[in-house]
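Here is the structure we will look at, set down as structure tokens.
The values are calculated or read from the model by the stated rules, or taken from the named source; none is laboratory data. Treat the numbers as computed from the prediction; the structure is a model and nothing was measured. A quick note on method: Cβ atoms are made from the backbone with ideal geometry, for glycine too, and the neighbour counts reach across all protein chains shown. What goes into the accessible areas is simple: the full protein's heavy atoms, side chains included, and nothing from ligands, DNA or RNA. Shrake-Rupley method; radii C 1.70, N 1.55, O 1.52, S 1.80 Å.
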Amino acid sequence: MDVLLDNWSLYREGFWGTVQLTVFASLLALGLGVVMAAFRVAPVRSLRSFGTAWVTVLRNTPLTLLFFAVLLGLPRFGVVLPFQTFAILALGCYTSAFICEVVRSGINTVPVGQGEAARSLGMSFPQALGLIVLPQAFRSVIPPVGSTLIALAKNSAIAGSFSVSELLGVYKPLNEMGYSIIWAFVWIAVGYLIVTLAISALFHLLEKRWGVAR
């Protein structure tokens, strides 16, 4: 317990950094994931190809390599941002590929007749997708989206290797100060457990409110 109490400010800063990474990267992943899922089912071939390429490349690229590409590659093209912003971009884009496939699977559960009926009423593809199909798809993908965002929270630990303040990085100064590394990691694990349980509880409430009865 002394490890936590003596270094409360370090743990608090690392925990807050992990929360920020998780929240902002999740918002980016959800936004991009839904857009890419729409591209994957769009009637325009170029959009389908772009969505497929996005998912294929990001799902098959190691996250650490993506961090290197974003944090070291973008500045070479004149894009200079805080390291935390780069980390959010890397995490969000990587996770968006998985969100895209989850949402697309939800779209496929909606009967084709729903979209056809919307089109017969004069709705455009974006209108039919946004007003008819996605609301129904959302109900069936709440659990897997929650699981994907929990994975994102745990993947945020990689950001600590790139000078970004987050929870796992707390062990470095504690190790240098001579504290027990085992207890340092125990409290780090507790911090991640709090974040993941919070996400799990949120999606449990969403599923209870809007999920499909099984």
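Of note:
- MRE, 222 nm, helices only [DSSP H, n ≥ 4, -39500 (n - 2.57), over the chain, to nearest 500]: -23500 deg cm²/dmol
- In a reduced charge model with +1 at each Lys and Arg Cβ and -1 at each Asp and Glu Cβ, segment 1-109 shows a dipole moment near 700 debye about its Cα centre.
- Rg/Rh for the chain, where both radii come from Cα atoms and Rh is the Kirkwood radius: 1.06
- Rg followed by Dmax, in Å, when segment 1-78 is reduced to its Cα trace: 18.4, 60
- Relative contact order (percent, whole number), the chain, Cα cutoff 8 Å, 6+ residue spacing: 29 percent
- Relative frequency of Cα-Cα separations exceeding 23 Å in segment 102-214, percent: 51 percent
- Per-residue packing, averaged as other Cβ atoms within 10 Å, sorts the ranges 80-93, 117-130 into the order 80-93, 117-130, beginning with the highest.
- The chain: DSSP helices with Cα axial extent of at least 27 Å and average Kyte-Doolittle hydropathy no lower than 0.0: 8-40, 83-109, 181-210
- Portion, in percent, of the accessible area of segment 31-125 that falls on carbon or sulfur, probe 1.4 Å: 67 percent
- Size descriptor, Kirkwood hydrodynamic radius, that averages inverse alpha-carbon separations across segment 117-173, Å: 14.6 Å
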